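None of the figures in this text is laboratory data; all of them are computed from the coordinates on show. These numbers come from a predicted model, not from an experiment. Neighbour counts are summed over all protein chains in view; Cβ atoms, including those assigned to glycine, are modelled from backbone coordinates with ideal geometry.
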Amino acid sequence: AITCSFFSLGFQDVLSHGRTSPVTSYKKLQGWSSDQNKWNEKLYPFWEEGDPRWKDCWKGGRVTAKLDTDSPALVGSNVTFVVTLQFPKCQKEDNDGNIIYERNCTQDPPASQDQQVYVYNWTEWIDSCGWENCTSNHSHNVFPDGKPFPHYPGWRRRNFVYVFHTFGQYYQTTGRSSAKFSVNTANITLGKHVMAVSIYRRGHSAYVPIARTSVIYVVTDNIPIFVSMFQKHDRNISDSIFIKDSPITFDVKIHDPSYYLNNSAISYKWNFGDGSGLFVASSSTTSHTYTLQGNFTLNLTVQAIIPVPCKPVTPTAPLPTSAAVTTGASSNSDSFTTVESMEDNPDGGCHIYRNGYYRTGISVVEGILEVNIIQMTSIQMTESQAENSLVDFVVTCQGSLPTDVCTVVSDPTCQVSKSVVCDPIIVTDECLLTIRRAFEEPGTYCINITLGDDTSQALASALISVNGGSSSGTTEGVFIFLGLLAVFAAIGAFVLYKRYKQYKPIERSAGQAENQEGLTAYFSSFKAIFFPSSTERNPLLKSKPGIV
């Protein structure tokens, strides 16, 4: 029988690692007990950190525990904790809850046959009732405070006891190599708190401490939110630098793992900081285009109207008699205010307001908005140079001037990359350059040309057919539009252009025809489908650009 002499310590002494603190009045957590209760030190011994007995508390090494939480939690929601035991190398838990050695894990197996299988064979202890006569004596199937184990299905296979401690209270449960539980935060004060856990394993005459750990969790009255931003031509989405005249997509994620806000009406109030005014939306995703360069401050307020029972809410601190409660937000340095109020709904219910805030700085700069391949030309070579086929790609762009160019040569499906060539470039006047690339063997290739600067990049693609590197070889390019790849003769392309306005060959002058004898070229780009028919009248093509 358990006597009072076994209860010389309190839960606070044990779970605070021997450090006592003044008794504080806390609001009761449902299912939890005060840490002023007595602890059965005989059945659950307490060891200080550094006690040599820790070295022998587990066969084969030291067990560690990892405690995770889905904090931060909005006050009133549930916060969940998961503790996982990490066993020494080559050990794992089997389906019966025993700890066994993994087969073929080490070249030096344990000496005895039993050790080759089991680290702890608790099933044998329970089935034979050799552990303190388990069928008739229930004094060992109790928690540190003397309460009996709950008889869940398979409860005898739960060989670990977990004791959690926070907010001046403790929660105890049995489990296997991991345990998960949730606690409602309605009675937890706002701010940071520590959740600690001590883990004991089943022993022959008592439970043996094997690990303890802790984690910090946060309870807040501000809705936890995260905003991700995406822009099509942005080179680095994490630097908060975006491109003028290109839409930015904003996606708001609300951290609500317990689904506390599932039945709430949620609105999103945006102020993009560019003088465009306040924008209110019911969707978590929106887009905005900045038409001016400069630095802007983005502000977002997320408001949730949460339905609650129409009954008095016990405050966590003395409050004014007014129905509205105003508290300063502690999530950041900005002086936001959170207003909690209870009002009648038209349907006879009540609700409270919760707000979440997001603020960030955005820089908007000039960027590359569009890239077009306007011409592809095969380069004549001597027979000694005929091993490779050379093709010149004439490229233009809109927006800022690029500082680098990359060419990716892939198979005809544009899925398998064959080569990547990147070069720095200097463009001082107009965005017009010629990119020369070599092809080692005949075939059909997908070409992706990317122009970029420090903050942006844009892409153009084409399909090209290379028929050898000799002077009699030809190079053909075709449009790619929505995945339709085809090679058209000049007459066919002209007819299709008149009908669909999607495919169009470049016109060549008589001088070009003489210099490029034997060349048949059709150029293409995803973004350059509607070029004017009088391409050669474009002044950009009157002078040959520098070759990259």
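Some observations on this one:
- Amide H to amide H distances under 5 Å link residue 360 with 298, where only residues 5 or more positions off or on other chains count and H is placed in the peptide plane.
- Cut-off under 5 Å, modelled amide H: who pairs with residue 119 long-range: 99, 100, 101
- Alpha-carbon Debye profile of region 368-466, log10 I(q)/I(0) at 0.11, 0.14 Å⁻¹: -0.33, -0.52
- Two-site FRET efficiency, residue 292 against residue 82, from Cβ-Cβ distance with R₀ of 35 Å, rounded to 0.05: 0.15
- Projected label points at residue 401 and residue 365, each 7 Å from Cα along the beta carbon direction, are separated by 1.5 nanometres.
- Phi angles across region 198-204 convert, under the Karplus curve 6.51 cos²θ - 1.76 cosθ + 1.60 with θ = phi - 60°, into 3J(HN,Hα) values of 10, 10, 10, 10, 5, x, 6 Hz, Gly and Pro given as x.
- Label-point separation, residue 251 to residue 419 (7 Å along Cα→Cβ), nm: 3.7 nm
- For the residue pairs 180/253; 180/232; 27/59; 92/192; 59/180; 89/192, alpha carbon separations beyond 31 Å are given by 180/232; 27/59; 92/192; 89/192.
- The phi torsions of region 140-155, fed into the Karplus equation with coefficients 6.51, -1.76 and 1.60 and a -60° offset, translate into couplings of 9, 9, 9, 7, x, 8, x, 6, x, 5, x, 8, 5, x, x, 5 Hz, rounded to whole numbers, with Gly and Pro shown as x.
- With each label modelled as a point 7 angstrom along the Cα→C-beta vector, the residue 238-residue 444 pair spans 4.0 nm.
- Sorting the segments 442-450, 51-59 by their mean number of nearby beta carbons within 10 angstrom, highest to lowest, gives 442-450, 51-59.
- Gained length - residue 104 relative to residue 311, 0.36 nm times residue gap less alpha-carbon distance: 68.3 nm
- Amide hydrogen neighbours beyond the local backbone of residue 289, cut-off 5 Å, H modeled: 248
- Remark: region 295-300, residue by residue, has Karplus-estimated 3J(HN,Hα) of 10, 10, 10, 8, 10, 10 Hz, where x stands for each Gly or Pro and the curve is 6.51 cos²θ - 1.76 cosθ + 1.60 at θ = phi - 60°.
- Summing +1 for each Lys or Arg and -1 for each Asp or Glu among the other residues whose beta-carbon sits under 11 angstrom from that of residue 244 gives -3.
- Segment residue 151-residue 213, length gained on full extension (0.36 nm per residue, minus Cα span): 19.6 nm
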